[in-house]
Amino acid sequence: MKDATEQLPDGSYRVDKNELWRAYDSWEQSILDHNEYIATRSTDGGRTLRYGPVIGCRECVLACQHLQQCGYATSQSYAETLINYIKKHSLQKYDQFEPEQVGP
């Protein structure tokens, strides 16, 4: 259990006390679970994928913007913060795939 700070639409914050957080035994488990969450999360019984615009997006800036627009985080600066982190650490280099490495 851990406190979670959430940003409200008016820019103020609230703290939700003792929220359940996921914990993993390895990075691999964390990545696989996160991928499953993004790929399958629905708010209407499975008819529409909540993060549909993110799935298959090959532009990291656009993917970050989609995540924020789809409600992945409550922070109003989530996409900007994520984009800055990606650029600061040159993480976009990991987006370079050979055609045979890209799944359907």
### Query
If you line up the long axis of helix 27-40 against the longest principal axis of the chain, both from Cα atoms, how many degrees apart are they, to the nearest 10?
90
### Message
Suppose the chain between residue 1 and residue 32 were pulled fully straight at 0.36 nm per residue; how much longer would it get relative to their current alpha carbon spacing?
### Response
9.0 nm
#### Entry: Under 15 Å from the Cα of residue 17 - aspartates and glutamates, other chains or at least 8 residues apart
3, 6
### Task
Highest first, please rank the peptides 6-19, 78-91 by the mean number of other Cβ atoms sitting within 10 Å of their residues.
78-91, 6-19
### Task
Once you've got the GNM for the chain with C-alpha springs shorter than 10 Å, pick whichever of 44, 25, 33 has the biggest mean-square fluctuation.
25
### Task
Determine the shape class of the range 22-67: with a ≥ b ≥ c the square roots of the Cα gyration tensor eigenvalues, call it rounded for a/c under 1.5, and otherwise prolate if a/b is greater than b/c, oblate otherwise.
oblate
### Query
Based only on Cα atoms, what Rg/Rh ratio does the chain have, Rh being taken as Kirkwood's radius?
0.98
## Note on the structure
Between the modelled labels at residue 84 and residue 50 (7 Å from Cα along Cα→Cβ) the distance in nm is 2.6
## Note on the structure
Given 46-53, 66-73, the highest-first ranking by average Cβ count within 10 Å works out to 66-73, 46-53
### Query
For the range 1-31 and the range 35-54, what is the separation of their Cα centres, given in Å?
19
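Any read-out appearing in this document is the output of simple, stated calculations on the displayed coordinates, not a laboratory observation. None of these values were measured; they are calculated from a predicted model. Cβ sites come from the backbone with ideal geometry, for glycine too, and all protein chains shown count toward neighbours.
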